[in-house]
Each structure stands twice: as C-alpha cells, then as structure tokens.
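Trainee: I am attaching a structure below and will ask some questions about it afterwards.
The numbers here are math on the coordinates, done by the rules we state, and not lab data. Note that the structure is predicted; figures quoted are calculated from it, not measured. We place every Cβ from the backbone using ideal geometry, glycine too, and count neighbours over all the protein chains shown.
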Ligand code: UDP
C-alpha cells in the first residue's frame, strides 16, 4: 500500500496552465494523497489568476489553493512570455516562504514547464522537483533538444528547411513555436534557458499515451546530449471531463441549444482561453460557416489591437459591428454565437458536436480526443503549430486550415475543410481514428491501466530518490 504523500503543485500563469494542474491535483486526491496548488498572484493588478483560482477552488473544495503574494513587476516593455518567466523568477522568495511555512514538509513539488527557476528553491529545501508538462510529449522531445540544436542553425523565421530533432518527425521551421522563431530575441533566449532546465527535473509527468514516436525518443535518452533525459511518466490523460463538479450552477444556454440539434451536426469553433482573430478573419469565418450550410457554435472575441499580442485583455465583442450584415438573422436557425467563453469540455462531450475548429492548445486537443471529436486546426500562438504537426501528421486526428501562418484563412478554405470533416470519407476516417484514440485513453485511465502503472512508477521513483534512465 502506498503511503499518503503531500504534493505542492506550482502552475505558471494563465488558465491553460492552471486547469491541467487542477486535474493533476484531483488525480492525486483520488489516490489518497494531498495536494496544495500554489498560484502566483501576477503583479500589475491582473485579476485573472485570482478569479480563476476562486472559481476552481469553489468547484474543487477538497483541493487546497494558495495565492502567493504578487512579486515586483517585471520590465513592462518585455514580451509577455519573457514577463511571465521574470514574474515567476521574482516569485521565488514567496514560494520559499510558503514552502517553509507548510505545517509538514511536502514530499515533492510538481512544476509547470515555465517554473524552472523554482528548481533553485526546491534544491535549497531539498525538496524533490518534477515537472508536469501540460503539452504534447512530442513538444517535450523537441523542446529538450532545442538548446543543443539551435546554436548551429539560422533563426527559424529565416530557415526554409525542416528542423530535425533526434528520433522525431522533421518539422517545418515555420511550425516551431512562435516564441523561438527569432534566434536573437530575448524571448528565444529565455526559452532556451527554460528548455535546458526542464532536463534538471527528477522526472516529467505528461498526460499522454498517443505519441509512441516521442515517447520512444524520450525513453531512448536521445533528446538531451551529454546528460540523461529525464524519466517520463505518462499519467492520464487527465482533462476536464465535462461533468460539473460544483453543482447548483445553471446549465449554459448553449447546451440547451445543442440538445435541440441532431447528433454530430454542429461545428464548434473556439480558440483557447485567449485566442482571437482579426476583424477581417472574423468575417471570413462567418462567410465560410454560412456557405458550408452546417450548424455551428462559435465563440467570438474582440479582435486584438495588435494581432501578435493575444495576451492583452480585451473588451466584450460588439457582434453587430464585427459580423457581416444580416449574418445573425440568416443563420439564426442553425447557428449560435457566444461572446468570449463557452463551457468547452461540456460542448465537446455533447452528442450534437461533430467537429472542432481549434487553436491546438493541448488541453483543447485532449478534451476533443476524450470526446472523439475530429479537429480542424487554426494554430495561433505558443507551441500550437507544433501540436498541429503531430495532430495532423502523426496522430491523424485533425486537418489544417491553410493560411494560418499569415493569420488569414479564406472563407473558401473554411467551407472546404468543414465539408471535408463533416461530409466526406476522409472525415469518417478521422472519426474512426478518434474512436480508437478515445478508447485507448479510457483504457489508460481505467483501473490498472497504463496511467496507474506510470503513477506507481512515479511514486517508486520518488521513494528511491529519483533515478534518471
Ligand atoms: N476553455 C473553455 N472555454 C472557452 C475557452 C477555453 O472552457 O471558451 C478551456 C478549454 O476547455 C481548455 C482551456 O480553457 O481546458 C484552454 O486550454 P488550451 O491548452 O487549449 O489553450 P490555452 O488557453 O492554454 O491557449
């Protein structure tokens, strides 16, 4: 029998990082361990983390959440990703104080991939540190190698060729993460530092089971030259299962609308927690949806003032001004437009949902896989284009929208890909692959499945003081 352990979970900023950490916390609690999720309150008065924490705490009363005091503001002129790194580094004293004040020392800390500087705090306190990598295992294999590969290459933005990471499928340079496109940028340097330090963790937990190529590369130890590749534990896939945990909340109106639609008839469009497109792109999407004739549920956000900066907070969209004239009336009986937010996990699980136009954030991809919904990819920021490569070429669970690199997908392309997924034999094949992936996922998380095995290995590793492969 396992001894009960206390884990500190340390997510980085943003809902996309917080949600999977909470799923991991739920997993630990289900196994009788205890979990404290420590979240840095971002400086600059950004209320999103505190609000998200409050919402998650209410929905998950058995998980302890602690908001760490906001650290000093990092350089306001720096890129948002660089600022996030700096904020987390500046939060180290607060993290140290929090860990020291725990009534009993934690057994391990589980770090988000951005929280690499917390390794120093963990080392000071002799606290075993593992990473929890809330993206694809393929991304992990590519990231771990990148600090060793990039010095010998031109900037990805100037590179026409394929990028080859050991053991992995070659990737077009343009599909490498946005943050590392310009080799000389501070942001790329920050990320190389980050990727290098992930290898210093005692191991990495990923919610994965679908990527044999990447898992083999990681297990073979080919990713990090000159030092052992951290051991990878495939726990999960653990994603929001679309079941309300809090109770008492009213059901979202879009779910009632979905109840009234035929099975697998609705295309759902939603671009992560912050993704948004230009006004011109919104109009193209509207025209594509209209001419496809398919039913749709579409989450619309205000276009960002600077298309490259999706991180800036935005006001509610003015749909009358943004959508083509008469669009809402003409599509009234087959479409629904939501402002800002949808209960995505529930929408994906709904029987009426037939396809998902996604920005390829990994939580979104996992939620769609768990619901067996084929995807149409519009990657936007972070490592989404890289995810797209593996989703389309390796897992064969998605098709890409041409034009995403320039952030302009034409109406005709949208219509064509919607029809392909909803109407053709190719769409049926995608659905069959997804049915298999979904089955594999539920076997993995079933009693005695591969997730249980991996979790037991992780605990064993922790007991043994960690041993790299
Ligand atoms: N999400 C949601 N409703 C929305 C947009 C996003 O519930 O309207 C959830 C989604 O289900 C997922 C998370 O927010 O769990 C987004 O994570 P992902 O990794 O896909 O993208 P990110 O926001 O990190 O880019």
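Trainee: Starting from 0.36 nm per residue, how many nanometres of slack lie between residue 435 and residue 30 once their C-alpha separation is accounted for?
Mentor: So the chain would gain 143.1 nm between residue 435 and residue 30.
Trainee: Taking Rh as the Kirkwood radius computed over C-alpha pairs, what is the Stokes-Einstein D of region 16-76 at 20 °C in a medium of viscosity 1.002 mPa s, expressed in µm² per second?
Mentor: Translational diffusion coefficient: 173 µm²/s.
Trainee: Go ahead and run the numbers for FRET between residue 184 and residue 241, Cβ-Cβ distance against an R0 of 41 Å, rounding to 0.05.
Mentor: Efficiency at R0 = 41 Å is approximately 0.40.
Trainee: For region 58-180, what is the convex hull (Cα atoms) projected area averaged across all directions, in square nanometres?
Mentor: Mean shadow area of the hull around the Cα atoms is 10.6 nm².
Trainee: While we're here: What angle, in degrees between 0 and 90 and rounded to the nearest 10, separates the Cα long axis of helix 362-371 from the longest principal axis of the Cα atoms of the chain?
Mentor: 70 degrees
Trainee: Further question: Compute the helix-to-body angle for 48-59: its Cα long axis versus the longest principal axis of the chain, expressed 0 to 90° and rounded to tens.
Mentor: The angle comes out at about 90 degrees.
Trainee: Looking only at the chain, where both bridge partners belong to it, what percent of the DSSP beta bridges are antiparallel (to the nearest 5)?
Mentor: Of those bridges, close to 5 percent are antiparallel.
Trainee: What number results when the radius of gyration of region 179-239, computed over Cα atoms, is divided by 2.2 N^0.38 Å?
Mentor: Dividing the Cα radius of gyration by 2.2 N^0.38 Å gives 1.29.
Trainee: What is the Cα centroid distance between region 149-204 and region 272-333, reported in whole angstrom?
Mentor: The two parts, judged by their Cα centres, are 32 Å apart.
Trainee: Round to the nearest 0.05 the FRET efficiency obtained for residue 392 and residue 456 when R0 = 51 Å and r is the Cβ-Cβ distance.
Mentor: Rounded to the nearest 0.05, the efficiency is 0.90.
Trainee: Express in nm, to one decimal, how much length is gained between residue 341 and residue 149 on full extension, taking 0.36 nm for each residue of separation and deducting their alpha carbon distance.
Mentor: Roughly 65.2 nm would be gained on extension.
Trainee: Could you check the spin-label model distance between residue 162 and residue 316? Points 7 Å from the Cα along Cα→Cβ, value in nm.
Mentor: Spacing of the two 7 Å Cα→Cβ label points: 4.9 nm.
Trainee: From zero outward in steps of 5 Å, how is the percent of C-alpha pairs of region 264-409 spread across the bins?
Mentor: Computed distribution, short to long bins: 2, 10, 21, 23, 22, 15, 6, 1, 0.
Trainee: Right, next: Measure nothing but the geometry: give the 0 to 90° angle between the long axis through the Cα atoms of 80-90 and the longest principal axis through the Cα atoms of the chain, rounded to 10°.
Mentor: 20 degrees
Trainee: Taking Rh as the Kirkwood radius, which is the inverse of the mean 1/r over Cα pairs, what is the Rg/Rh value for the chain?
Mentor: When Rh is taken as the Kirkwood radius, the ratio is 0.95.
Trainee: Moving to a separate point now. What spacing in nm lies between the two simple spin-label points modelled at residue 64 and residue 419, each 7 Å away from Cα in the Cβ direction?
Mentor: The two pseudo-label positions are separated by 5.9 nm.
Trainee: If you don't mind, there's one more thing I want to ask. With a point put 7 Å past each Cα toward its Cβ, work out how far residue 330 is from residue 264 in nm, to one decimal.
Mentor: The modelled label-to-label distance comes out at 2.9 nm.
Trainee: Now for a separate question. Please report the orientation-averaged projected area of region 208-337, defined via the convex hull of its C-alpha atoms, in nm².
Mentor: Average projection, Cα convex hull of region 208-337: 12.8 nm².
Trainee: Any idea what diffusion coefficient region 104-153 gets from Stokes-Einstein, in µm²/s, Kirkwood Rh on alpha carbon pairs, 4 °C, 1.567 mPa s?
Mentor: 104 µm²/s
Trainee: Across region 331-469, how large is the tail of the calculated P(r) beyond 25 Å, expressed as a percent of all Cα pairs?
Mentor: 37 percent
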